[in-house]
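Peer 1: This is the structure, below, for whatever I ask next.
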Amino acid sequence: MSATAESNAATKPPVKATAAASRLWGFGVVALLIILGPVVVYPVLLMKVMCFALFAAGFNLLLGFGGLLSFGHAAYFGIGSYVSAYAAKAWGWPPEAAVTAGTAAGALLGVIFGVVAIRRQGIYFAMITLALAQLIYFVCLQVPFTGGEDGLQSVPRGKLLGLVDLSNDLTLYGVVSVVFFLTLLLVSRIVHSPFGHVLRAIRDNEARAISLGYKTVWYRLAVFVLSTVVCALAGAMKAIVFQLASLTDVHWTTSGEVVLMTLVGGMGTLFGPLVGAAVVVAAEFYLASIGSWVQVIEGGIFVACVLGFRAGIVGTLADFGRRSIAARQGASARAAVN
Amino acid sequence: MHSIFGIPTPALFGQLLLGLINGAFYAMLSLGLAVIFGLLNVVNFSHGAFYMLGAFTGWLLLAGLGLGYWWALLLSPLIVGVLGMAVERLLLARLKGLDPLYGLLLTFGLALIIQGVFRNIFGVSGLPYGVPSQLAGARNLGFMILPNYRGWVIGLSLLVCLATWLGIEKTRLGATLRAATENATLTEAFGINVPRLVTLTYGFGTALAALAGVLAAPIYSVNPNMGADLIITVFVVVVIGGMGSILGSIVTGFGLGLAEGLTRLVYPAGSATVVFVIMIVVLLVKPAGLFGRST
């Protein structure tokens, strides 16, 4: 999409160096917020933010870097959530095994649905992914293992590797933080790898990528599956943190929510989805008193973002930063000439 | 003959009728969606919300002004159509030249707003809307009992679909519309006011959705969520039928409705998911859709 094309246009060495530096700064700020956060904010709320931030980061991998808008990512988030909750509750699996099972289930679903969905692009891709997610919603509604309308409640948090008791919120917070941070590093690595660059080339000009000899279909499938894996991991962790997997996780409103988070934060940016998730989760938390009007507000934010704020929070900040750097460089160049 | 393939005939025809009714709504909604997409390049996610608005406008006309079903059938599409035109002028027109995905996101947000507001005002339990007295009762067709109102819905929706198809394929206005769909810049160069055409088209599409809403009101209850659930199935119709084809969306709409009805008979648990399974099969076999040109 156009906003992201701008942010990736600059690849000259000095700018690249600044980009790497600002990325490092970004990770530093995230780490600092993770460490200092629990002092100010309720840890469970922060864990919710991290789970949804991962969800949005996985979604953004597909939208921002693959150029594919999925309107059905709740399916992978939800399957991750249900499978991990079921493994922990019914089979008594330890949390690390339950979360791995949930993530694997999401990956498997991602492969199957990916093969179907990537046959069409653009608008159709969005509609197909939405329909596939609705299929999963109806399946979850009907099969017995999901607990139907009740969902899976009071999922045990268990002991990590049989040693660390996760029932304490702060202990769990530490574990979730580590998983969150490592996954974020992984996403960053994917985005800045040669693979990530090919993805962007395909997004910006598929015909050219094909003529350069890239099998674009495989790249598209690969990014789809990677994205679903991250989202399933987010869902699986969410089930352990909140000890709950429910139909909300697979409902289309959740798919819409992750789109909103990414849009607000800035699609195609590494930290945008994090900021967006924080904003949306915080808004839902603090606006809980006005109940169902939250959805109206979310709709309003959608409209406002599309009309006037397409780069999102992080995208706008990055543009601003780049412009001021360019202005400074221009000024020093002029000074050298004079 | 009291059974076909072991299925009692009244049950078979009953489900086929229900399938046709659902199919009529799928067809009318996907038709509007296809017409809008053709000219605006926007997938109108708020189509379901406009369908719901149509039903609610009918209900409000009755509750507030005492205007009955026939007035609603006329006024509700007009009111919602005007609203749609305002939406196009004020919001969608600003997205011209951007990636079509932004249109999808904008109309999604709009749907959230409209549905959220109605949910807050009217709750989710649904409001009853009676069948008009002229269409009450049922007639015996020999092999089944057909409630008059259901026959009317199927007949009228077929008529509307046919009229839309003829209007687009055979009239001068339709030819202009097709020309603008094919090449808007060139059409504008011939002195045709394309922006106005775009606004009218969006208004027409939303009016069609509202008409479907009024037709649906006596069958399903008037409910703020009625469009949200339907729109996803309508998207499936559009994916299978291909958005380039008007006839394709009509045939697919009715076909999927029938497929749902038959599934409810043979394997009731699968009736909610069958359309999605059909979509997967079609995508695997013929990715461009049954009637679509490859994109």
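Peer 1: Would you please put B:209-222, B:275-288 in order of how densely packed they are, using the mean number of other Cβ atoms within 10 angstrom per residue and starting with the highest?
Peer 2: Peptide ranking by packing, descending: B:209-222, B:275-288.
Peer 1: Right, next: I'd like the mean, over residues of A:137-143, of how many other protein chain beta carbons sit within 10 Å of each residue's own Cβ.
Peer 2: 3
Peer 1: Taking K and R as +1 and D and E as -1, what net charge do the other residues with C-beta under 15 Å from the C-beta of A:Asp150 add up to?
Peer 2: Combined, the nearby Lys, Arg, Asp and Glu give -1.
Peer 1: Sticking with this structure for a sec: In Å and on Cα atoms, what radius of gyration and Dmax does segment B:1-104 show?
Peer 2: 19.0, 61
Peer 1: Within the set of other residues whose C-beta is less than 15 Å from the C-beta of A:Leu199, count the net charge using Lys and Arg as +1 and Asp and Glu as -1.
Peer 2: Once positives and negatives cancel, what remains is +4.
Peer 1: When the gyration tensor of segment B:163-295 is built from Cα positions, what are the square roots of 5 times its three eigenvalues, in whole Å, from largest to smallest?
Peer 2: 32, 20, 12
Peer 1: So what's the projected area for segment A:2-337, the Cα convex hull averaged over all directions, in nm²? Could the numbers behind the result be given before it?
Peer 2: Details: hull surface 75.3 nm².
The number I arrive at for segment A:2-337 is 18.8 nm².
Peer 1: Turning to a different aspect of this structure: Quote the relative contact order of segment A:61-200 in percent (integer), defining contacts as alpha-carbon pairs under 8 Å separated by 6+ residues.
Peer 2: Taking the mean separation of contacting Cα pairs over the length of segment A:61-200, I get 31 percent.
Peer 1: Also, I was wondering about something else. Report relative contact order for chain B in percent, whole number only (criteria: Cα-Cα under 8 Å, sequence separation at least 6).
Peer 2: 37 percent
Peer 1: Kindly rank A:188-194, B:169-175 from highest to lowest mean number of other beta carbons found within 10 Å of each residue.
Peer 2: Details: A:188-194: 14.1, B:169-175: 11.1.
Top to bottom by mean Cβ count within 10 Å: A:188-194, B:169-175.
Peer 1: On a 0 to 90 degree scale, rounded to 10, what angle separates helix B:100-122 from the longest Cα axis of chain B?
Peer 2: 50 degrees
Peer 1: Per the helix-only calculation at 222 nm, which mean residue ellipticity applies to chain A, given -39500 (n - 2.57) for every DSSP H run of n ≥ 4 and division by its residues, nearest 500 deg cm²/dmol?
Peer 2: Result for chain A: -25500 deg cm²/dmol, rounded to the nearest 500.
Peer 1: Oh, and also: In deg cm²/dmol and to the nearest 500, what is the mean residue ellipticity at 222 nm of chain B if only DSSP H runs of at least 4 residues count, each as -39500 (n - 2.57), divided by the residue total?
Peer 2: -23500 deg cm²/dmol
Peer 1: Give me the log10 of I(q) over I(0) for segment A:94-149 at q = 0.14, 0.24, 0.26 Å⁻¹, as the Debye formula computes it from C-alpha points; what are the numbers?
Peer 2: Calculated log10 I(q)/I(0) at the listed q: -0.50, -1.00, -1.04.
Peer 1: Which of the aspartates and glutamates could be linked to B:Lys170 by a straight reach, that is with a Cα gap under 18 Å, when you skip same-chain ones fewer than 8 residues away?
Peer 2: Of all the aspartates and glutamates, those that pass the test against B:Lys170 - Cα under 18 Å, at least 8 places apart if same chain - are B:Glu182.
Peer 1: Computed from the mean reciprocal separation of all distinct C-alpha pairs, what Kirkwood hydrodynamic radius does segment A:19-171 have, in Å?
Peer 2: Radius from the Kirkwood sum: 17.6 Å.
Peer 1: Still on this structure, please answer the following. What does the charge count near A:Leu63 come to, summing +1 for each Lys or Arg and -1 for each Asp or Glu among other residues with Cβ under 15 Å from its Cβ?
Peer 2: Here the charged neighbours net out to +1.
Peer 1: To the nearest whole number, what is the average tally of beta carbon atoms from other chains within 10 Å of the beta carbons of peptide B:230-237?
Peer 2: Taking all residues of B:230-237 together, the mean is 4.
Peer 1: Turning to a different aspect of this structure: Take every residue in peptide B:113-120, count the Cβ atoms of other chains within 10 Å of its Cβ, and give the average of those counts.
Peer 2: Other-chain Cβ atoms within 10 Å of each residue's Cβ, averaged: 5.
Peer 1: Taking the Cα centre of chain B as the origin, how large is its charge dipole in debye, to the nearest 20, when only Lys and Arg (+1) and Asp and Glu (-1) carry charge on their Cβ atoms? Each step should come with its number before you reach the end.
Peer 2: Numbers: 13 positive and 7 negative charges, 40 e Å.
Dipole magnitude for chain B comes out near 200 debye.
Peer 1: Pick out which of B:Ala207, B:Ala269, B:Ala111 has the largest mean-square fluctuation in a Gaussian network model of chain B, springs linking Cα atoms closer than 10 Å.
Peer 2: B:Ala269
Peer 1: Along its principal axes, what span do the Cα atoms of the protein assembly as shown show, with the longest given first and each in whole Å?
Peer 2: Answer, in whole Å and largest first: 83, 69, 52 Å.
Peer 1: Using amide H atoms built 1.01 Å from N in the peptide plane, name the residues 5+ places from B:Ala138, or on other chains, whose amide H lies under 5 Å from its own.
Peer 2: Counting only residues 5 or more places away or on other chains, the set is B:Asn148.
Peer 1: How big is the Cα convex hull of segment B:189-249 in projection, averaged over all directions, in nm²?
Peer 2: Computed as one quarter of the Cα hull surface, the answer is 5.8 nm².
Peer 1: To the nearest 10 degrees, how steeply does helix B:246-266 sit against the main Cα axis of chain B, on a 0 to 90 scale?
Peer 2: Relative to chain B, helix B:246-266 is tipped by roughly 30 degrees.
Peer 1: Then there is this: Expressed as an acute angle from 0 to 90° and rounded to the nearest 10, what is the orientation of the C-alpha long axis of helix A:122-142 relative to the principal long axis of chain A?
Peer 2: On a 0 to 90 degree scale, this one is about 10.
Peer 1: Between A:Lys215 and A:Arg23, what is the FRET efficiency for a Förster distance of 30 Å, r being their Cβ-Cβ separation, to the nearest 0.05?
Peer 2: Step by step, r from the Cβ atoms, then E = 0.55.
Peer 1: Which value in Å is the Kirkwood Rh of chain B over different Cα pairs?
Peer 2: This gives a value of 19.8 Å.
Peer 1: Two-decimal Rg/Rh of segment B:108-230 from alpha-carbon positions, Kirkwood Rh?
Peer 2: Taking Rh as the inverse mean 1/r over Cα pairs, Rg/Rh reads 1.10.
Quick note: the coordinates plus some simple rules give every number you see, no bench work behind them. This one's a predicted model, so the numbers in the text were calculated from it and none came from an experiment. Cβ coordinates were reconstructed from backbone atoms using ideal geometry, including for glycine residues, and neighbour counts include every protein chain displayed.
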